[in-house]
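Here is the structure we will look at.
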Amino acid sequence: MGVSKASHYAALLGAGLFLYGGTAAGQDGKAPVYSGSLRASYDWRNQGDYDDNDAYGYWYFRGRNLGDERVDVYTSGRLHSDLDGSGSSPYDPFRSLDDDSDFRLLQFYVDVHDPDQMIGVRYGRQYVDIADYIQMDGAQIRLFEPSTVGGRVFIGKPVSEYSSVSGDLFLGASLVGHPWDGNESRATYARYEDDSEGASDDHVFLDVKQRLNDETRARAYLSVMNGDVRMGGGDLIYVSMEDRVLDAVLGLRRWGDYDAGTRVYSPLEDVLGDLEPFTMAYGRVTAEMLSWLYLSPGAMWREPDESDFTNRGFGRYDLSFILEPGDGFQSTVALEYWNVEDDDKFFSVSGDIRYRYRKLWELSLGAAYVDYTYLQLADYSVFTDDTSAPVTIQPLDGTRVERTPDVFTYYLRGRWNLTEKTALRISGEIEDDSDAEDPAYRLRTSFEVRL
């Protein structure tokens, strides 16, 4: 973010605090509440002749109940510095889009509202949580959302770290209601105008949440883009209120064949083509078997309408054993298995043991083994058409070779609460891949200060 924008948001923050009377609470009001953290971290990675050294800084700050309970402020962001420069070799395993040093302001807004949160305006950099969490510089106006019927309007300039979106526009409105006990239903319309593509996407969201009883919640949602069903689905969540733990979740997703024209909804269309329809279902149960033993089995299935190399079906199954013998000890053993189309498979077993001494320090030691089985094209070529963007990958001879690499991973992690407001974290990791000539090493450290 440039200096002018930073100055703009700083002035915005100061004006909001000035207009609504400083930070003192009213006679019967709530006292201002401040929270936040600042975390600095260092990340070192090595594999053979290649190294990568990066430094990061993360922060967030929140102030609530300012100006006689009428103003909230929030900011969060990330700093990154690549300490040894971008790798130039095409074989460098650590090359990425984040090689350049950068500063990212994730959110920075002032929220002005009445004490009962019935009417409010949020202005600045923010995520639109009711419309795909699109990040924008703009405003959201909330009107009576906690009431039986309310709504919201929003408008702003989208934010992108990788391309210019200076001419793009994002806007929309929603209507929310609580027609009966335990229900919240919301309908949202959003429009994204892409200046670079000369295109726009019109998006309608329907979201219904229902509390069935004290232990059970249900949710159903539908997303329609440019008249086509983009996604629909539902979730059923059960959380036991008894002393014995029993939690369960079931879900269903259906992704349709929709036509998106803007980069925010189809950033990879030029390379991979349109998103092809598929259906996905999942479920998980976590149950307390003994006072010190929990079981957590889970499953997920993906079924495409038509299979190809970018749209494949699979079944994923996992089972976790969680042991809590007491005295600060906890251990987990997890099994995971994927069965993918065309006889591709994945199996892993992992485990760790953790010990926490009061709230002063915590140490964990873990290991994992992963085994793959997949078919790889023996040879391929890439054909490009100079007059159009799509790239087609086709095998030369149609032959495929079975590969069965495996990977061993070991890690050690520690956390020390140096004071009530400061913490130090250190983690080390070793990965031994049978397909790689050299093992990979990683060391991460961070120091955090909390308000």
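Only residues that are in a loop (DSSP other than H, G, I, E, B), more than 28 Å from L451 (Cα to Cα) and modelled with pLDDT of 90 or more: list them for region 387-434, please.
Answer for region 387-434, where residues must be in a loop (DSSP other than H, G, I, E, B), more than 28 Å from L451 (Cα to Cα) and modelled with pLDDT of 90 or more: just S434.
Kindly indicate which of V249, V245, V239, V204 is surrounded by fewer than 16 Cβ atoms within 10 Å (Cβ to Cβ), over 30 Å from D99 (Cα atoms), among the aliphatic types (A, V, I, L, M) and in contact with a Phe, Trp or Tyr (Cβ under 9 Å, 6 or more places away or on another chain).
From the options V249, V245, V239, V204, the qualifying one is V245.
Does region 268-307 hold any residues that are at pLDDT below 95, polar (S, T, N, Q) and more than 15 Å from W255 (Cβ to Cβ), and which are they?
Within region 268-307, S291 is the sole residue that qualifies.
Do we have M300 as surrounded by 14 or more Cβ atoms within 10 Å (Cβ to Cβ) and part of a strand (DSSP E or B) here?
Answer is yes for this residue.
Which of the residues spanning region 340-352 are modelled with pLDDT of 95 or more and either outside any strand (DSSP E or B) or exposed (fewer than 15 other Cβ atoms within 10 Å of the Cβ) (or both)?
Matches in region 340-352: V349 only.
Report yes if L323 is under 20 Å from V245 (Cβ atoms), part of a strand (DSSP E or B) and modelled with pLDDT of 95 or more, otherwise no.
yes
Of all residues in region 19-44, which are modelled with pLDDT of 95 or more and basic (K, R)?
R39
What's the total number of residues in region 135-157 that are of a type outside the set (D, E) and either modelled with pLDDT under 95 or farther than 27 Å from E197 by Cα (or both)?
The number of residues fulfilling the criteria is 11.
State which residue is surrounded by the fewest Cβ atoms within 10 Å (Cβ to Cβ) when the search covers only region 45-79 and only residues that are of a type in the set (F, W, Y) and free of Cβ contacts under 8 Å to residues at least 24 places away in the same chain.
W59
Here's the yes/no breakdown for (1) within 20 Å of the chain's Cα centre (by Cα); (2) in a loop (DSSP other than H, G, I, E, B); (3) of a type outside the set (A, V, I, L, M, F, W, C):
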site: D207; (1), (2), (3): yes, no, yes
site: L236; (1), (2), (3): no, no, no
site: R244; (1), (2), (3): no, yes, yes
site: V249; (1), (2), (3): yes, no, no
site: D257; (1), (2), (3): no, yes, yes
site: R263; (1), (2), (3): yes, yes, yes
site: P267; (1), (2), (3): yes, yes, yes
site: E276; (1), (2), (3): no, yes, yes
site: T279; (1), (2), (3): no, no, yes
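Quick check on my filter: what residues within region 55-73 are in contact with a Lys or Arg (Cβ under 9 Å, 6 or more places away or on another chain), part of a strand (DSSP E or B) and either among the basic types (K, R) or modelled with pLDDT under 95 (or both)?
Residues satisfying the conditions are R64, N65.
More than 21 Å from the chain's Cα centre (by Cα), closer than 30 Å to R45 by Cβ and not aromatic (F, W, Y): is that true of S101 in this structure?
Yes: the conditions hold for S101.
The values are calculated or read from the model by the stated rules, or taken from the named source; none is laboratory data. Just so it is clear, the structure is predicted and the values come from calculations on it, not from any experiment. Here Cβ is always computed from backbone atoms with ideal geometry, including for glycine, and neighbour counts include all displayed protein chains.
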